Amino acid sequence: MQFQQLQYFVAVAETRHFTRAADLVHVAQPSLSQQIKALERELGADLFLRARGNITLTDAGEALLPLARRILADADTARQEVQELAQLRSGRVRLGATPSLCTGLLPDVLRAFHDRYPGIRLLIEEGGSHDLVRELARGALDLALVVLPLPTPSPALTTVELLREDLVVVSSPDAPAPGGDGGRRTVRVADLEGERLVMFRHGYDLRELTVAACRAEGFEPDFAVEGGEMDAVLGFVRAGLGVAVVPRMVATRSGRGLRVTPLARPGLHRTIALAHRSDVAPPRAARELQQMLLER
């Protein structure tokens, strides 16, 4: 029994017509008929009842059909799996992330991924969650690390919560401690009233979160500098221009030359999720990176 014979058999069973089946599998009709007859000889049973204009399955054909379909499906799955394994030796992963995650979370994970799959190119796009969701939806990214809740919830995206991260206040060691008391081990959001803040640009998730927290305490934040990305904000804080609210992971990794002060309970937090399109499975290499992020 040959794999090709099963393909021809299933084509005839589904079209109930030898000529249309031959067209479907791109083979001459006499060759298809010969292969079906060879299969019947091998099995010792007729598979079709042949009458002019009426092709029907025999009992033997009915018994073989689901088995033949399963064999063909398994072969197709095997082919795809082998091709996807080959993709792990070359190819690319297009990952979107907020700048703070590029600074804090990603370096160690991407290094581990590169060590395991050195042939895979990593294409990183930084942006706010709103921009990353839009890029995912139009197929420009395979995966994205976004901040929940999404600015515009989309049923076309699947999100998996990755981590819940504390936010902290960073300031220059040469400037007065935030809240006006250098002996305090924590600071409240309310203590930021009257502080000059170094603020991220519009569209930055941390900007919206910080401003909303200040307004919830009844005051409008006072900006000393605004409009920067993460590296610029940290640099301005080191220079003593003001204080900033940043993720603890960023402060830990980039904290040289900075005073890091935790926020008093309940503090501020953000939830990071891994997102991809619901209607299209990520490529194999992207799924491997996704698993490494979930297991990190």
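The values are calculated or read from the model by the stated rules, or taken from the named source; none is laboratory data. Because the structure is predicted, anything quoted here is derived from the model rather than measured. No Cβ is skipped: glycine too gets one built from the backbone with ideal geometry, and neighbour counts run over all protein chains shown. Side chains included, ligands, DNA and RNA excluded: accessible areas come from the protein's heavy atoms. Shrake-Rupley method; radii C 1.70, N 1.55, O 1.52, S 1.80 Å.
Restricting to Cα pairs below 8 Å that are 6+ residues apart, what does the relative contact order work out to for the chain? Please round to a whole percent. All intermediate terms of the calculation are to be shown ahead of the outcome.
On the way: 464 pairs, mean separation 62.5, N = 296.
In percent, rounded to a whole number, it is 21.
Specify the residue with the greatest mean-square fluctuation among HIS276, HIS26, HIS202, computed from a Gaussian network of the chain linking alpha-carbon atoms under 10 Å apart.
HIS26
Ignoring ligands, DNA and RNA, what accessible area per residue does the chain give at 1.4 Å, in Å²? All intermediate terms of the calculation are to be shown ahead of the outcome.
Numbers: 15480 Å² over 296 residues.
Value for the chain: 52 Å² per residue.
Which of LEU141, LEU274, LEU47 ends up with the largest GNM mean-square fluctuation for the chain, with Cα atoms connected below 10 Å?
Result for the chain, Cα springs under 10 Å: LEU47 fluctuates most.
Taking the Cα centre as origin and putting +1 on Lys and Arg beta-carbons and -1 on Asp and Glu beta-carbons, what dipole magnitude results for the stretch 120-269, to the nearest 20 debye?
On the way: 17 positive and 21 negative charges, 83 e Å.
Result for the stretch 120-269 is approximately 400 debye, rounded to the nearest 20.
Return the loop-located trypsin sites (Lys or Arg not before Pro) in the stretch 116-187 (DSSP other than H, G, I, E, B) with at most 11 other Cβ atoms within 10 Å of their own Cβ; answer none if there are none. Please list the in-between numbers first.
Numbers: sites: ARG116, ARG121, ARG134, ARG138, ARG164, ARG184, ARG185; in loops: ARG138, ARG184, ARG185.
Listed in order of number, the matching sites are ARG138, ARG185.
Expressed as an acute angle from 0 to 90° and rounded to the nearest 10, what is the orientation of the C-alpha long axis of helix 3-15 relative to the principal long axis of the chain?
For helix 3-15, the angle is close to 90 degrees.
Using bins 10 angstrom wide from zero, how does P(r) for the stretch 116-157 break down, in % of all Cα pairs?
Per 10 Å bin, starting at zero, the Cα-Cα P(r) for the stretch 116-157 comes out as 26, 50, 19, 5 percent.
How large are Rg and Dmax for the stretch 77-169 when calculated on the C-alpha trace, in angstrom?
Rg, Dmax (Cα atoms, Å): 15.0, 53.
Placing +1 at every Lys and Arg Cβ and -1 at every Asp and Glu Cβ, with all other atoms neutral, what dipole size does the stretch 193-273 have around its Cα centre, in debye to the nearest 20? Working shown, then result.
Details: 11 positive and 10 negative charges, 89 e Å.
About 420 debye.
Chymotrypsin sites (Phe, Trp or Tyr not before Pro) within the stretch 202-292: which are DSSP loop residues with at most 15 other Cβ atoms inside 10 Å? Before the final figure, lay out the partial values.
On the way: sites: TYR204, PHE219, PHE223, PHE236; in loops: TYR204, PHE219.
Hits after loop and neighbour filter: PHE219.
From the residues LEU150, ALA177, LEU136, which one has its Cα farthest along the dipole of the chain in the positive direction, the dipole being from +1 and -1 charges on Cβ of Lys/Arg and Asp/Glu about the Cα centre?
The Cα lying farthest towards the positive end belongs to LEU136.
Where the only charges are on Cβ atoms (+1 Lys, Arg; -1 Asp, Glu), what is the dipole of the chain about its Cα centre, to the nearest 20 debye?
On the way: 36 positive and 37 negative charges, 100 e Å.
Here the size comes out at about 480 debye.
Over all directions, what mean area does the Cα convex hull of the stretch 184-296 project, stated in square nanometres?
On the way: hull surface 37.0 nm².
Projected area, direction-averaged: 9.2 nm².
Using +1 at the Cβ of each Lys and Arg and -1 at the Cβ of each Asp and Glu in the chain, identify which of ALA21, GLY227, LEU209 lies farthest towards the dipole's positive end.
Result: ALA21, furthest along the dipole toward the positive end.
Expressed as a whole percentage, what fraction of the accessible surface of the chain belongs to carbon and sulfur atoms when a 1.4 Å probe is rolled over the protein heavy atoms?
Details: 7610 of 15480 Å².
That fraction is 49 percent.
For the stretch 1-81, which trypsin sites (Lys or Arg not before Pro) are both in a DSSP coil and crowded by at most 15 other Cβ atoms within 10 Å? Mind showing how you got there, number by number?
Working: sites: ARG16, ARG20, LYS37, ARG41, ARG50, ARG52, ARG69, ARG70, ARG79; in loops: ARG16, ARG52.
Answer by residue number: ARG16, ARG52.
How large is the helix-only mean residue ellipticity at 222 nm for the chain, computed as the sum of -39500 (n - 2.57) over DSSP H runs with n ≥ 4, divided by its residue count, in deg cm²/dmol to the nearest 500?
On the way: 11 runs with 130 residues, N = 296.
Calculated from helices alone, the mean residue ellipticity at 222 nm is -13500 deg cm²/dmol.
Taking the chain as a Gaussian network, where each spring joins two C-alpha atoms under 10 Å apart, which residue of ARG259, ARG201, ARG215 fluctuates the most?
ARG215
Can you pull the one-decimal nm distance between simple spin-label points at GLN4 and SER31, each 7 Å off the Cα toward Cβ?
Output for this residue pair reads 0.6 nm.
Could you give P(r) for the chain, binned at 10 Å from zero, as whole percent values over all Cα-Cα pairs?
Once binned at 10 Å, the Cα pair distances of the chain give 6, 22, 20, 14, 12, 9, 7, 7, 4, 0.
Could you pull the accessible area for GLU217 with a 1.4 Å probe, rounded to 10 Å²?
The accessible area of GLU217 comes to roughly 100 Å².
Check ASP222: other-chain or 5+ apart residues with amide H under 5 Å from its amide H, H built from backbone geometry?
GLY194, LEU197
Quick one: order ARG196, ARG89 from most to least accessible surface, probe 1.4 Å.
Working: ARG196 110, ARG89 175 Å².
In descending accessible area the options line up as ARG89, ARG196.
Say each of ARG287 and VAL82 gets a label point 7 Å from the Cα, pointing the same way as Cα to Cβ; how far apart are those two points in nm?
1.8
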